[in-house]
1. Could you check ALA8 against (1) surrounded by fewer than 18 Cβ atoms within 10 Å (Cβ to Cβ); (2) within 20 Å of ILE94 (Cβ to Cβ) and say which number it fails?
2. Residues that are at pLDDT below 90 and closer than 15 Å to ALA16 by Cβ, at least 3 per element: which strands (runs of 3 or more DSSP E) completely within segment 32-110 meet that?
3. Within segment 26-41, can you find the residues that are among the small types (Gly, Ala, Ser) and within 22 Å of MET1 (Cα to Cα)?
4. Within segment 16-31, how many residues are surrounded by 13 or more Cβ atoms within 10 Å (Cβ to Cβ) and either part of a strand (DSSP E or B) or among the hydroxyl-bearing types (Ser, Thr, Tyr) (or both)?
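The values are calculated or read from the model by the stated rules, or taken from the named source; none is laboratory data. Computed from a prediction, not measured in an experiment: that's the story for all the values here. A quick note on method: Cβ atoms are made from the backbone with ideal geometry, for glycine too, and the neighbour counts reach across all protein chains shown.
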Amino acid sequence: MLACTDAAKAGASAIAFHRRFVVGSTSDDSIEALAAATSSGYNFADRADAAANNLWIIEVTAAEIQAGVANADFFHLTIAETVNKTITAGGIVILSEPRYPQPTPLTAIA
């Protein structure tokens with residue numbers, strides 16, 4: 001994940017974030033505890049239980065974005081396929097603890 005000062009990724013710098021894994025099957029819907037991921041990133045596909053129908057949740061705070069780049073108002077996330085490990089899953093990115101709390105806009109795309 002990168003903190004940036006604009007939507008074009010100006011001043012981009014890798015930042016730490018938090019993540020959790022949700023197993024999705026007909027017999028198991030367990031939710032993993034929130035865990036820290038370093039600025040090096042995290043490969044969800046390296047998990048032994050990574051499979052179709054799982055959910056990956058990524059959470060970042062405004063403070064974590066600001067700690068990565070001064071005056072950063074944007075973040076950029078790259079999700080890449082791991083060689084020979086295609087997984088059909090869903091991902092949710094949550095910005096928590098916003099710097100300027102306000103009603104959620106209809107879109108967050110700049």
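1. (2)
2. 90-96
3. Matches in segment 26-41: ALA33, ALA35, ALA36, ALA37, SER39, SER40, GLY41.
4. 6
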